[in-house]
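Worksheet: the structure to be examined is printed underneath.
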Amino acid sequence: WEFPSDFLAESDWHPAGNGSNNWAIAPSRSTGGSAILCNDPHLRMTLPSIWYLMHLKEQDGYEVWGASIPGIPYIQLGHNQWIAWGMTAAVCDDVEIYREKLHILEPDRYLVGHRWQKLETRRELIPIRGRQPRERIMRWSRHGPIISDFNETYSGQEILSVRWTAHEPSRELQSLYAVNHARNWEEFQKGLHDHTAPTLNFVYADRDGNIGYILAGKIPRRAEVPSLLPLEGWDEQNDWQGYIPFEELPHVYNPPDGFVASANNRVTDSVYPYYLSHFFEPPHRIRRIRELLSGRKKFSADDLAAIQLDNVSLHAKELIGSLEVDLAHLVDENSIVKTAADRLLSWDGRCTVESIEATLFHVFHHRLLVNVLGPALGEELFCAYVEILNQCIVPTDRILNDPTSVWFKDRSRFQVVAISLRETCAELQEALGDNLEEWHWGSIHRLHMNHALGRLDILKPLLGIDLSTPGDGMTINMGFYRHSNPYSHTVGASLRLVVDLGDWQASGFILPSGQSGHPLSAHYRDQLSYWLGGKRIVLFTPPGDESRCLVLKPDQDKRQ
């Protein structure tokens, strides 16, 4: 099933799939005897890049290297002379939607406890190019703006309001200034006190060999763990009870195993006293990172850069493992179906561009979801549910792992597996031909980066970047796709950075395209081959050569 046409679902601006990886290792785990930090933020892949590589220097001795978002001062990800830092989205629940009950005779009043309170209003004039400005009356409850007013068909005695920490006064720029100037863990922590939204997982390393992790941002304290449904706004028990104190947010400093890491995962266990979120990413990426970091005693900067390119999908390996009995007993008149089953059973989970098994798995997984959930949910609800695939993986895997699940009451799991694999092979035969050996993952998993001017069909092939890419939504080397546009790669490593605190020349950054947004510039796509090959460029200015702010090292240098 394809999704119904929708402005966001059909555009490059859909927010689904954003995430990131980061980790830092202690000197005891480093071949060079210094801390090393890595980060690769997963964002929508754009032309030009969302990031701009910079080297900033002040007369007072402050100097910092890294990536900035154009329009925002300071470096968001990078290092100064003393420390390095990286971040991932913490996906904490910092939003609440409330049902507000209106007075039956005075619709400008809403219920708060046992009293009626007047809605605040504000007149907004929205300019529209080529047309008359549109006037809109914005309404606010004590919780925040009324969002149901934007639905022309929504009416009744209840309205919906939203409270979000980002709507409240904050000092993110002050926080970023302090982080850019920090010289140690204490100053770094102090700078993050001012960070409000979004909630972020920060990893830290310094030249003295210390490493750390801290969750930063304002996270509401609630009377109880909330449901996923709008709360009764008139019940004051549902109001936030302040915020989790900064000192009580999850953090760790110099852990005994010698590394810290995050990948949008749940960072606390059941002992932690506060509710953080329902919305963490599945644990497959963080488990793979920990597996690789625990697999050997010491790493160089190049070793850690190689981990950023890891394409093993633990999700795929484990799901095929749970379906092993069904796949092994599958018999079909079409020899391709049996061959496909055998290929999946012997697969190591690597989602390389050349992989045939990766192609089989991802189409097969989609057919499984259609056949298990589709009859009960219907097309519209099913499509909405699986659009952000990473959010539905954990519950659907529980279903697929259990052959006695109620979801298999009409058809056994074996029957669903058999039907789904037959449909997979038929779909791939139609799309890629009858030769299974040509069903490469890179044939259907392609990255399309489009320039704004490339939205014109005549300019799209001239300005855009279109190439086969590895990975999937569960691999360290992120290759996320949306089910409204399978299997087009939309979200991935928008930046990679590796910082060796003992050797700035071994440190580096890379963008997926180039530094310039001008299609005729030599720097429009000159980093693409480096990004694909896991290489990096050095921003550190060599002593005595302050004229160079960016050093692009030759291909034969293994430290690129």
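The values are calculated or read from the model by the stated rules, or taken from the named source; none is laboratory data. None of these values were measured; they are calculated from a predicted model. When we count neighbours, we look across all protein chains shown, and the Cβ atoms used for this are built from the backbone with ideal geometry, even at glycine. Keep in mind that these areas ignore ligands, DNA and RNA; they rest on the heavy atoms of the full protein, side chains included. Shrake-Rupley method; radii C 1.70, N 1.55, O 1.52, S 1.80 Å.
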### Message
So Arg455 passes all but one of these: (1) closer than 26 Å to Leu381 by Cβ; (2) open to solvent by 40 Å² or more (accessible area, probe 1.4 Å). Which condition number does it fail?
### Response
(1)
### Query
Among the residues of the range 468-475, is there at least one that is surrounded by fewer than 19 Cβ atoms within 10 Å (Cβ to Cβ) and of a type in the set (A, V, I, L, M)?
no
### Message
Step by step: first the residues of the range 37-57, then only those that are in contact with a His (Cβ under 9 Å, 6 or more places away or on another chain) and part of a strand (DSSP E or B), then the one that is surrounded by the most Cβ atoms within 10 Å (Cβ to Cβ). Which residue is that?
### Response
Leu37
#### Entry: Hits in the range 479-506 - residues which are of a type outside the set (A, V, I, L, M, F, W, C), open to solvent by less than 10 Å² (accessible area, probe 1.4 Å) and within 23 Å of Asp302 (Cβ to Cβ)
Gly479, Gly492, Ser494
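Residue-wise test of (1) modelled with pLDDT under 95; (2) polar (S, T, N, Q); (3) more than 19 Å from Gly217 (Cβ to Cβ).
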| site | (1), (2), (3) |
| --- | --- |
| Pro245 | no, no, no |
| Pro256 | no, no, yes |
| Phe259 | no, no, yes |
| Thr268 | no, yes, no |
| His278 | yes, no, no |
| Lys298 | no, no, yes |
| Ala306 | no, no, yes |
| His315 | no, no, yes |
| Ile320 | no, no, yes |
### Task
Quickly run through the range 144-158 and pick out the residues that are part of a loop (DSSP other than H, G, I, E, B) and either closer than 13 Å to Lys101 by Cα or open to solvent by 80 Å² or more (accessible area, probe 1.4 Å) (or both).
Glu152, Thr153, Tyr154, Ser155, Gly156, Gln157
### Query
Are any residues in the range 88-122 surrounded by fewer than 23 Cβ atoms within 10 Å (Cβ to Cβ) and of a type in the set (A, V, I, L, M, F, W, C), and if so, which ones?
Ala89, Val91, Val95, Ile97, Leu102, Ile104, Leu105, Leu111, Val112, Trp116, Leu119
## Note on the structure
Matching residues in the range 236-284 (surrounded by 15 or more Cβ atoms within 10 Å (Cβ to Cβ), in contact with a helix residue (DSSP H, G or I) (Cβ under 9 Å, 6 or more places away or on another chain) and among the acidic types (Asp, Glu)) number 1
### Task
Quick one: in the range 253-286, of everything that is outside any loop (DSSP other than H, G, I, E, B) and not charged (D, E, K, R), which residue is farthest from Ile25 (Cα to Cα)?
His284
### Summary
Output for Cβ contacts, cut-off 7 Å, separation at least six or different chains, first residue farther than 8 Å from Ser494 by Cβ in the range 43-55, second open to solvent by less than 50 Å² (accessible area, probe 1.4 Å) and among the aromatic types (Phe, Trp, Tyr), reads Leu53/Phe509; His55/Trp65
### Message
So Ala9 passes all but one of these: (1) at pLDDT 95 or above; (2) more than 17 Å from Tyr177 (Cβ to Cβ); (3) part of a loop (DSSP other than H, G, I, E, B). Which condition number does it fail?
### Response
(1)
### Message
Condition (residue is open to solvent by less than 60 Å² (accessible area, probe 1.4 Å) and more than 29 Å from Ile388 (Cβ to Cβ)) applied to the range 285-299: is it met by at least one residue?
### Response
yes
### Query
Looking at the range 376-445, what helices (runs of 4 or more DSSP H) fall wholly within it and have at least 2 residues that are out of contact with any helix residue (DSSP H, G or I) (no Cβ under 7 Å at 6 or more places or on another chain) and open to solvent by 20 Å² or more (accessible area, probe 1.4 Å)?
389-401, 413-432
## Note on the structure
The correct count of residues that are open to solvent by 10 Å² or more (accessible area, probe 1.4 Å), out of contact with any Phe, Trp or Tyr (no Cβ under 9 Å at 6 or more places or on another chain) and of a type in the set (A, V, I, L, M, F, W, C) in the range 342-375 is 1
### Filter result for the condition that a residue is closer than 25 Å to Ile307 by Cα and without any contact (Cβ under 8 Å) to a residue 40 or more places away in the chain, over Asp410, Asp342, Asp402, Asp348
Asp348
### Task
Those residues that are assigned to a loop (DSSP other than H, G, I, E, B) and either out of contact with any strand residue (DSSP E or B) (no Cβ under 7 Å at 6 or more places or on another chain) or under 29 Å from Ser141 (Cβ atoms) (or both), I need them from the range 184-209; list them, please.
His193, Asp194, His195, Thr196, Ala197, Pro198, Thr199, Arg207, Asp208, Gly209
#### Entry: Tabulated pairs, the range 58-87, first in a loop (DSSP other than H, G, I, E, B), second among the basic types (Lys, Arg) and at pLDDT 95 or above, C-beta under 9 angstrom, 6+ apart or interchain
Gln81/Arg183; Gln81/Arg207; Trp82/Arg183; Trp82/Arg207
### Task
Name, by its number, the condition in (1) without any contact (Cβ under 8 Å) to a residue 12 or more places away in the chain; (2) part of a helix (DSSP H, G or I) that does not hold for Leu462.
(1)
### Task
Just need a number here: residues in the range 301-326 that are farther than 19 Å from Asp342 by Cα, hydrophobic (A, V, I, L, M, F, W, C) and open to solvent by 40 Å² or more (accessible area, probe 1.4 Å).
2
#### Entry: Qualifying residues in the range 507-551 (those that are among the aliphatic types (A, V, I, L, M) and either surrounded by fewer than 14 Cβ atoms within 10 Å (Cβ to Cβ) or farther than 26 Å from Tyr62 by Cα (or both)) - the one modelled with the lowest pLDDT
Leu520
### Task
Filter the range 21-35 down to the residues that are part of a loop (DSSP other than H, G, I, E, B) and touching a Gly at 6+ places or on another chain (Cβ under 7 Å), then identify the one that is nearest to His251 (Cα to Cα).
Ala26
### Summary
Residue set Ile97, Ile126, Ile104; condition of a type in the set (Val, Ile, Thr), in contact (Cβ under 8 Å) with a residue 40 or more places away in the chain and farther than 30 Å from Leu276 by Cα; output residue Ile104
### Message
I need the full set of residues from the range 224-235 which are part of a loop (DSSP other than H, G, I, E, B) and either under 27 Å from Pro255 (Cβ atoms) or open to solvent by 60 Å² or more (accessible area, probe 1.4 Å) (or both), in order please.
### Response
Glu224, Val225, Ser227, Leu228, Leu229
